[in-house]
Amino acid sequence: MTEIQQPQRAANGADSQQSRSIVGAHPRDRQRDLLTEAQLSRLSASHPLRAAQTADSPMLQALTGRASEYRPVWFMRQAGRSLPEYRKAREGIPMLDACLTPELAAEITVQPVRRHKVDAGIFFSDIVIPMKLAGVNVDIVPGRGPVLEHPVRTLDEVRSLPELTDTALDPIREAVAATVDMLGSTPLIGFAGAPFTVAAYMVEGGPSRDHLRPRTMMHADPVAWRELAQWAARTSGQFLRAQIEAGASAVQLFDSWAGSLGEADYRRYVQEHSAAALSMVEEFGVPRIHFGTGTAELLPAMHEAGADVIGVDYRLPLDEANRRLNGAVPLQGNIDPALLAAGRETLYAHADEVLAAGASAPAHIVNLGHGVPPTTDPQVLTDLVTYLHERTRRP
Ligand code: 1CP
């Protein structure tokens, strides 16, 4: 969505990323610079990007390949069990009920921003919320994850799936609107599950390690697979649209389990469906991040699906990810979550390596290589944010 200049390599992890400079531009011009007039006109008048609240934030600058005051940082699963205030807010409230109670979802979303001073909020919800709102019988079982009452394995079952209506998404719009009011100039990232990851839960009926059933289905019953992936793409796309309409300044498509696929299967059975979900929000021009784990071999294919920013898991150094993407794509990642418990010295040495490798990309949003482990000491995260900001602040 933006013109991106050639990367420059940093010698020591400090910031030498160069990209289109907007220094000196009037705030109104900056927000015009991020999105075209046509894109802006598709957002509501009060949308934080249109009202020029979040356009100047380090997060939006980096997501669009521009230089920022310091490298922005947020953490996947920053809202959740590692925070005592989260555990308190959730006491006695089932996960999906919490997601569908707008004030509570807003409060939980803002908690890590308040505490850690991260540069973005990630909307508190779940990838199975759209299917729940469509009427699929799904629950999140504590300690396990999403479980469906009836797995979806045949063409008949796929064709019987209910369609998600726009009004069913009202609690999501309400929660997002309340959240962006509370966040002010800090951008909210909306998200959805990518079709493969969502369909994997639907076919398996719950979490699995190897995702054998969906991988069998795409070969054994390609018509059923295709229709299921199309359903998941539509449903996730609608979920993303609702979040942008209500005020999200960026979105992330999570294909957490795409790494169980080889590149040929990804391109043949998955890529077009992820592209369909991403294309449902293209008209708004808000940056779209595409993330998966174990995706070292899939990064170009995931980028081709239409993402503006690629999220990289902890297994592949960012300079190598940048090379695989021809130095043309802003990157997000990829501190190893395991190192959050390794002691400050080890963690910060690793963070420095991530910063140095990330400096090769056109822009770098710092994140973990996957979610915050529930056992993480929250103070480690707060201090890490301070450390990363200080290390990357421009003189
Ligand atoms: O800060 C945040 O990131 C909170 C918002 C959020 C997001 C972005 C939650 C809350 N879930 C998700 C996305 C999500 N859900 C993904 C993609 C991200 C990832 O890979 O981690 C996936 C795969 C799910 C499915 C899911 N939901 C799982 C994983 C199960 C498995 O297969 O291993 C689990 C455990 C859940 C429940 C869930 N979702 C969110 C939270 C805080 C929880 C735990 C609920 C609880 O028991 O308190």
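For the chain, the 222 nm mean residue ellipticity estimated from helices alone, with every DSSP H stretch of n ≥ 4 adding -39500 (n - 2.57) and the total spread over all residues, rounds to -12500 deg cm²/dmol.
Accessible area per residue of the chain at 1.4 Å probe, in Å²? Spell out each step's value before the answer.
Values: 15420 Å² over 395 residues.
Here the per-residue accessible area is 39 Å².
Its relative contact order, with pairs defined as Cα atoms under 8 Å and 6+ residues apart, puts the chain at 23 percent.
Restricting things to Cα coordinates, could you compute the convex hull volume per residue of the range 59-390 in Å³? Working shown, then result.
Working: hull volume 38.3 nm³, N = 332.
Dividing the Cα hull volume of the range 59-390 by its residues yields 115 Å³.
Ordering Val366, Ser125, Pro142 by Cα displacement along the dipole of the chain toward the positive end leaves Val366 in first place; charges were set at the Cβ atoms of Lys, Arg (+1) and Asp, Glu (-1).
In terms of its C-alpha gyration tensor, the range 128-220 comes out prolate, because a/c is 1.5 or above and the ratio a/b outweighs b/c.
What dipole magnitude, in Debye to the nearest 20, does the chain give about its Cα centre under +1 on Lys/Arg Cβ and -1 on Asp/Glu Cβ?
Details: 38 positive and 47 negative charges, 100 e Å.
Dipole magnitude for the chain comes out near 480 debye.
Taking the longest Cα principal axis of the chain as reference, the axis of helix 222-246 is set at about 50 degrees.
In whole percent, how big is the carbon plus sulfur part of the accessible area of the range 215-326, probe 1.4 Å, protein atoms only? Mind showing how you got there, number by number?
Values: 1720 of 3630 Å².
Roughly 47 percent, rounded to a whole number.
Rounded to the nearest 10 degrees, the angle from helix 170-183 to the longest Cα principal axis of the chain is 10 degrees.
The values are calculated or read from the model by the stated rules, or taken from the named source; none is laboratory data. Small disclaimer: the values here were computed from a predicted structure and weren't measured. Cβ: placed from backbone, ideal geometry, glycine included. Neighbour counts: every protein chain shown. Quick note on the areas: whole protein, heavy atoms, side chains included, nothing else; ligands and nucleic acids left out. Shrake-Rupley method; radii C 1.70, N 1.55, O 1.52, S 1.80 Å.
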